[in-house]
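A.B. asks: Provided herewith is a single structure, encoded as structure tokens, for subsequent inquiry.
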């Protein structure tokens, strides 16, 4: 029997009613001939509440203790899901990351999975169980201590498990119905994609579309594991299939528009034009474990450079501190930080080899009187940093320019 | 350095402020020259909330899943306590039951501890850590599955750890200041005992004084481990020392009066006078895992017997069902159940060899017009089942008759 991995996020297990819904979806899949592995996140706000508790106790929580604390979130949801499955008359057993043997690096708060033991799960499946696995957590293969995988950890657990078990597919149940051309809360005409490529999904995920975490999409892409994004509230709906083969309609160059509100912009101004300075800046940030997203370097008329980059808002204080130290070292004239920015991006494999796509996006912004602060491009993506207040306006304008409302309606007919 | 085990109950860790208070008490003990092991319960209502969640999902939770769920309660409190200790500049590490190696029988919801691995804890202590251990939980030595110890589990963990580690003492921090001659909420004159023997404490604990769980006192008694009952809200206060040697003032025959409101009474009436009937009744109850407390058998004028017994209110429905089946089998005339009863008891090693103590208690009840429904006695205890409405009145009357208000004041001076 083929194996199906189903992952349910925090909203999908937020209360007893939702948990029963999850049990129904999992047992229906078993009835349809699958061996089913369910991966669950912590219920609703559990993780946030645990983080708040830790903050009340200390400003600098020890990473080992923090991971032990956070791992309880999923350890609460898995037995509840197993009980709900039992209640429907099916066999189920829950497993923490430690119990399964989800081995990770010896790193707390953002460990990467190095290996997944599958024997135990396969035995439970053979016995007819639906196996309910805690997402987001593992154990350090070096020390046996409990680790957590950081953001998007449960998606990552699900896809990694699907790969390790040789599953037919990994279904990611979330609180949206599918992947849309843009945020439907911003553009009412935004609509659903029936399929999307890993590459496009990866760009959209990185850009804050927040449907799937890029880590999980990357694993799926590397192992060619089909994923389906769908809603636990509408289990009949097939959602969006994320896959490798080029089934997307390439006659439309842009698949989606994404708005990312999680970044802040830091700029070092008056940087002397000497080699090695950019390396120095980003090495120092990397040492502090601060991820940098966009980087733009420009030259002023006076011969000095400006180095601007964006970081996650969560890390902006640390990043600013580090940057100020470096600015002093390299005799730059100053550092500015701006948290009132957003990043708006277009994504589409269809833009490869088609000139003018970026220009069309910039024109749409210009026509709406939106000032662009930074630009960054890849083969299938164009991102612009703009003022926070212009974010939604920009998404609407771009969505319209690329006629995404029409495209998506055609796709829906399929 | 001597080892001190400190146990903190749910009220003592109910929020961040309380957790910081616990950290202070533990670090003060380390400053005073102890190697400190802290055992904690789940925060405040956490366990009750988890139980409610399980109930919302299913009526018959699977015991394995239920234990996995409940064990998260302590797994939340231990890292928080460790973090709070770090915040005071001390070393600490938290350990779940699984991580320590608290081995139990292969039985869920009420497993007994069979062995505690001490090597890991001892190493952590040697490195200068305060080791924070999750109470109430262990792992089955047969299957490695997570088990819980049932009621009073955290007290049991603490005393068992103290014994395994060869600790100097086990301090049980709770929300009362000490062991009292009776419930201070009922009798304002009730007051504190400076010391009490294991035997007396055991009777008081069994009788619903709810300060210490009898399982923990039993272990302490068997291994002669001194325990101290004290309040985490008044850490300077030494509370009550529970110990083996006869330091109690034997000139007072009664140490305390306890009121137990957790029992219900079941009676089988019109039982034919044949041998083996009592055995049949209590074997059937035992098979259903129903604990019976008091048992009284009496003969009516018509030659039939009445068998009355008390069970925990939580199990009264099951117990009544089982009893009715048996009543039918043995052709008894009927079964009555009464949940409106309480058990009032006096306890004291000093009553051994002193006639008239029980009689004095019965007289106190009679003088207050309280009807006694059942009587049960041991060497150091006399218990009477009476109507719920008479409970507090009975405690006051008995407390007065044995002049416990005066005794305790003298003891306080010591």
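The values are calculated or read from the model by the stated rules, or taken from the named source; none is laboratory data. If you're wondering where the values come from, they're calculated on a predicted model, not measured in any experiment. Positions of Cβ are generated from backbone atoms using ideal geometry, with glycine treated the same way; all protein chains shown enter the neighbour counts.
A.B. asks: Condition first: more than 7 Å from chain B (Cβ to nearest Cβ) and either in contact with a strand residue (DSSP E or B) (Cβ under 6 Å, 6 or more places away or on another chain) or under 20 Å from residue B:132 (Cα atoms) (or both). Now tell me which residues in the range A:79-88 satisfy that. Working first, answer last.
C.D. replies: Taking the range A:79-88 as the starting set, the residues that turn out to be more than 7 Å from chain B (Cβ to nearest Cβ) are A:81, A:85, A:88.
A:81, A:85, listed by residue number.
A.B. asks: When only residues in the range A:102-135 that are within 12 Å of chain B (Cβ to nearest Cβ) and under 26 Å from the mean Cα position of the chain (by Cα) count, which is nearest to residue A:36 (Cα to Cα)?
C.D. replies: A:132
A.B. asks: Criterion first (more than 18 Å from residue B:55 (Cα to Cα), touching a residue at least 12 places away in the same chain (Cβ under 8 Å), more than 14 Å from chain B (Cβ to nearest Cβ) and out of contact with any helix residue (DSSP H, G or I) (no Cβ under 6 Å at 6 or more places or on another chain)) does residue A:91 satisfy it?
C.D. replies: no
A.B. asks: Another question about this same structure. For the range B:363-377, which positions are buried (at least 16 other Cβ atoms within 10 Å of the Cβ) and part of a helix (DSSP H, G or I)?
C.D. replies: Within the range B:363-377, B:364, B:365 meet the criteria.
A.B. asks: What number goes with the only condition from (1) closer than 23 Å to residue A:9 by Cβ; (2) at pLDDT 95 or above; (3) in contact with a helix residue (DSSP H, G or I) (Cβ under 8 Å, 6 or more places away or on another chain) that residue A:108 does not pass?
C.D. replies: With (1) closer than 23 Å to residue A:9 by Cβ; (2) at pLDDT 95 or above; (3) in contact with a helix residue (DSSP H, G or I) (Cβ under 8 Å, 6 or more places away or on another chain) applied to residue A:108, the lone miss is (2).
A.B. asks: Would you tally the residues in the range B:27-69 being under 16 Å from residue A:81 (Cβ atoms) and assigned to a helix (DSSP H, G or I)?
C.D. replies: The total comes to 12.
A.B. asks: While we're looking at this one, here's another question. Of all residues in the range B:1-26 being over 17 Å from residue B:172 (Cβ atoms) and either touching a strand residue (DSSP E or B) at 6+ places or on another chain (Cβ under 7 Å) or outside any helix (DSSP H, G or I) (or both), which is modelled with the lowest pLDDT?
C.D. replies: Checked the range B:1-26; the qualifying residue modelled with the lowest pLDDT is B:1.
A.B. asks: Among the residues of the range A:48-69, how many are more than 10 Å from chain B (Cβ to nearest Cβ) and either touching a residue at least 12 places away in the same chain (Cβ under 8 Å) or closer than 17 Å to residue A:3 by Cα (or both)?
C.D. replies: Result for the range A:48-69: 2.
A.B. asks: Do we find a residue being within 11 Å of chain B (Cβ to nearest Cβ) and free of Cβ contacts under 8 Å to residues at least 40 places away in the same chain anywhere in the range A:26-47?
C.D. replies: The first filter runs over the range A:26-47 and keeps only residues within 11 Å of chain B (Cβ to nearest Cβ), leaving A:42-43, A:46.
Narrowing further to those that are free of Cβ contacts under 8 Å to residues at least 40 places away in the same chain: A:43, A:46.
Yes, that holds for at least one residue.
A.B. asks: Checking residue A:153 against (1) under 23 Å from residue B:66 (Cβ atoms); (2) in contact with a strand residue (DSSP E or B) (Cβ under 9 Å, 6 or more places away or on another chain), only one condition comes out false. Which one?
C.D. replies: Just one mismatch for residue A:153, condition (1).
A.B. asks: With the requirement that a residue be free of Cβ contacts under 8 Å to residues at least 60 places away in the same chain and either within 24 Å of residue B:117 (Cα to Cα) or crowded, with 24+ Cβ neighbours inside 10 Å (or both), what does the range B:76-88 give you? Steps first, please.
C.D. replies: Kept after step one, since they are free of Cβ contacts under 8 Å to residues at least 60 places away in the same chain, are these residues of the range B:76-88: B:76, B:78-79, B:82-83, B:86.
Passing the criteria: B:76, B:78, B:79, B:82, B:83.
A.B. asks: Quick one: is residue A:72 at the interface with chain B (Cβ under 7 Å from one of its Cβ atoms), touching a helix residue (DSSP H, G or I) at 6+ places or on another chain (Cβ under 7 Å), more than 22 Å from residue A:26 (Cβ to Cβ) and surrounded by fewer than 24 Cβ atoms within 10 Å (Cβ to Cβ)?
C.D. replies: Spelling it out, it is not the case that residue A:72 is at the interface with chain B (Cβ under 7 Å from one of its Cβ atoms), touching a helix residue (DSSP H, G or I) at 6+ places or on another chain (Cβ under 7 Å), more than 22 Å from residue A:26 (Cβ to Cβ) and surrounded by fewer than 24 Cβ atoms within 10 Å (Cβ to Cβ).
A.B. asks: What tally of residues in the range A:131-173 results from selecting those that are surrounded by fewer than 24 Cβ atoms within 10 Å (Cβ to Cβ) and farther than 16 Å from residue A:118 by Cα?
C.D. replies: 9
A.B. asks: Oh, and also: Which of the numbered conditions does residue A:212 fail, given that it passes all the others? Conditions: (1) assigned to a helix (DSSP H, G or I); (2) under 11 Å from the mean Cα position of the chain (by Cα).
C.D. replies: The single condition residue A:212 does not satisfy is (1).
A.B. asks: Does residue A:10 fit the bill of being assigned by TED's automatic domain parsing to the domain that holds residue A:98 and either touching a residue at least 40 places away in the same chain (Cβ under 8 Å) or in contact with a helix residue (DSSP H, G or I) (Cβ under 9 Å, 6 or more places away or on another chain) (or both)?
C.D. replies: Criteria met by residue A:10.
A.B. asks: For the range A:10-24, which residues satisfy the criterion of being surrounded by fewer than 20 Cβ atoms within 10 Å (Cβ to Cβ) and more than 14 Å from chain B (Cβ to nearest Cβ)?
C.D. replies: Within the range A:10-24, just A:11 meets the criteria.
A.B. asks: When the range A:296-330 is examined, which residues are found to be in a loop (DSSP other than H, G, I, E, B) and either at pLDDT 90 or above or under 11 Å from residue A:265 (Cα atoms) (or both)?
C.D. replies: none
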